[in-house]
Amino acid sequence: MAFLPNPSLQVTADHQIKLVEAPIHSPGKGEVLLHIKATGVCGSDLHFWKTGRIGELIFKGDCIIGHEAAGVVLKCGEGVTHLQPGDRVAVEPGVPCENCFLCDDGRYNLCEDVQFSGVYPYAGTIQRYKVHPAKWLHKLPSNLSYLDGALLEPLSVVMRGIEVAHLSLGRGVVVCGAGPIGLIAAAAARASGAHPVVITDIDASRLKFATEFLPSVTTYQIKPALSAEETAKEIRTLFGPNEYDAPDRVLECTGVESSVCTAAYTARRGGVVVVIGVGKAIMNNLPFMHLSLAEIDLKFINRYRDTWPPAIACLSGGLLDLKPLVSHTFSLERAKEALELCADREKPSIKVTIVDETEIAVPGVQSSRL
């Protein structure tokens, strides 16, 4: 097989991004070589670029970023039997050790030795060619595109949050943040039977998009002059005049400290707040005694586990359509511009996706659409 150049987008230890040629590796035992066709830009990519870390995950050198991806199998390594060249797949980016007590217990998302694509030192998916273990690749049905496949990763994050939150039919929920994760969370909550669904954000344009994407949801624009308690009080009025009308579930999708505090005051007594967003390593102003006296469960998620098959079913079965979230696409050669757009608050975007429409011939296989 003749290989084309392999441009890759890398974050450096001194907070720069650069597009550089990356090596092309051969698949080893249990691995496949992929042509990455689409990768969504995630907020965590921006965190790594701007700050060099998320909590204990620290960039100590240059690393290819990207983890929301789908592609096509080019070559299979020894022992791979369930995939073959030409298969269209979504990439589950976390590869756990499968030897620790957490993996043994089925909680592989908590594995401390996970090799996660796009987190130093493990190369991510914003490159043309990537080797990945076949076990952590999931076939795409014919009615899903590569863009759909790239959206399975953020959908998986949301599905884990909804699982932890235990949403109920006909019970209200608040989603804090109308970015990609918040919008997917609102859509998934609605599909799960939650009602009413209220989504909040400080950005009016994002809330406008939310009403177009999900006409059944109610929006609330955050007012910076109000305190967390005052904001929560206003949000609660959207559910009714009584304490028992207040939402018992809140999905916090920003990770911003003030938003987490607002979420804590928004949930009714005995309710649950699930923090899905990525935030600061230390938060000093959480309303500890309010959470305690109201017996509000403050819960967290770490990525996902066992979500790809049901996520694929959600999209292929028509339960959710997330493609309208893709506001911009960039070619692989323009990947740096894609990240710069995401980081520019003056240029609104929802989900920015990097695509590679380069045709790489796989013997006996026709090319597939984005």
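Table for the structure above
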item: Rel. contact order, % - alpha carbon contacts under 8 angstrom, at least six apart, the chain; result: 18 percent
item: Hz values of 3J(HN,Hα) by residue in the stretch 327-343 - Karplus curve (6.51, -1.76, 1.60), Gly and Pro given as x; result: 8, 9, 10, 10, 5, 4, 5, 10, 4, 4, 4, 4, 5, 5, 5, 4, 7
item: Highest-first arrangement of 157-167, 50-60, where packing means the average Cβ count within 10 Å; result: 157-167, 50-60
item: Top positive-direction residue, dipole computed over the chain with Cβ charges, set 164, 91, 147; result: 147
item: Percent carbon-and-sulfur accessible area, the stretch 187-277, ignoring ligands, DNA and RNA, probe 1.4 Å; result: 53 percent
item: Accessible area of the chain divided out per residue, in Å², using a probe of 1.4 angstrom; result: 45 Å²
item: Net charge, residue 226 excluded, C-beta distance under 10 Å - Lys, Arg +1, Asp, Glu -1; result: -1
item: Charged-residue dipole, Cβ positions (Lys, Arg, Asp, Glu), the stretch 160-220 about Cα centre, Debye nearest 20; result: 100 debye
item: Of 274, 319, 292, farthest towards positive along the dipole that unit charges on Lys, Arg, Asp, Glu beta carbons give the stretch 265-331; result: 292
item: Formal net charge of residues neighbouring residue 276 (Cβ-Cβ distance under 11 Å; K, R +1; D, E -1); result: +2
item: Whole-percent carbon and sulfur share, accessible surface of the stretch 25-179, 1.4 Å; result: 49 percent
item: For the stretch 310-351 and the stretch 253-298, distance of Cα centres in Å; result: 28 Å
item: Segment residue 113-residue 221, length gained on full extension (0.36 nm per residue, minus Cα span); result: 34.8 nm
item: Pairwise label distance in nanometres, residue 300 with residue 56, each label 7 Å out on the Cα-Cβ vector; result: 1.0 nm
item: Burial order of peptide ranges 90-99, 16-25 (average beta-carbon count within 10 Å, highest first); result: 90-99, 16-25
item: Contour excess over end-to-end distance, with Cα ends at residue 12 and residue 343 and 0.36 nm allotted per residue; result: 117.5 nm
item: Environment charge of residue 358, counting only residues whose C-beta is closer than 12 Å and scoring Lys/Arg +1, Asp/Glu -1; result: -2
item: Charge dipole (debye, nearest 20) of the chain; +1 at Cβ of Lys and Arg, -1 at Cβ of Asp and Glu; result: 360 debye
item: Separation in nanometres of the label points that stand 7 Å from Cα toward Cβ, at residue 97 and residue 24; result: 3.4 nm
item: Charge dipole of the stretch 177-248 about the Cα centre (unit charges at C-beta), most positive-ward option of 237, 205, 192; result: 205
item: Packing rank of 147-153, 214-220, 62-68, where each peptide gets the mean count of other beta carbons within 10 Å, highest leading; result: 147-153, 62-68, 214-220
item: Label-point separation, residue 3 to residue 358 (7 Å along Cα→Cβ), nm; result: 1.1 nm
item: The stretch 256-335, relative contact order in percent, only Cα pairs under 8 angstrom and at least six apart counted; result: 28 percent
item: Whether the stretch 69-127 is rounded, prolate or oblate, judged on the alpha carbon gyration tensor where a/c under 1.5 counts as rounded; result: oblate
item: Rounded to the nearest 20 debye, dipole of the stretch 234-370 from Cβ charges on Lys, Arg, Asp, Glu; result: 160 debye
item: Computed over the stretch 1-156: relative contact order in percent, which uses C-alpha pairs under 8 Å that are six or more apart; result: 30 percent
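The values are calculated or read from the model by the stated rules, or taken from the named source; none is laboratory data. In this text the structure is predicted, and so the values were computed from the model without any measurement. Glycine also receives a Cβ, built like all others from the backbone with ideal geometry; neighbour counts cover every protein chain displayed. Please note that ligands, DNA and RNA were not included when accessible areas were found on the heavy atoms of the full protein model with its side chains. Shrake-Rupley method; radii C 1.70, N 1.55, O 1.52, S 1.80 Å.
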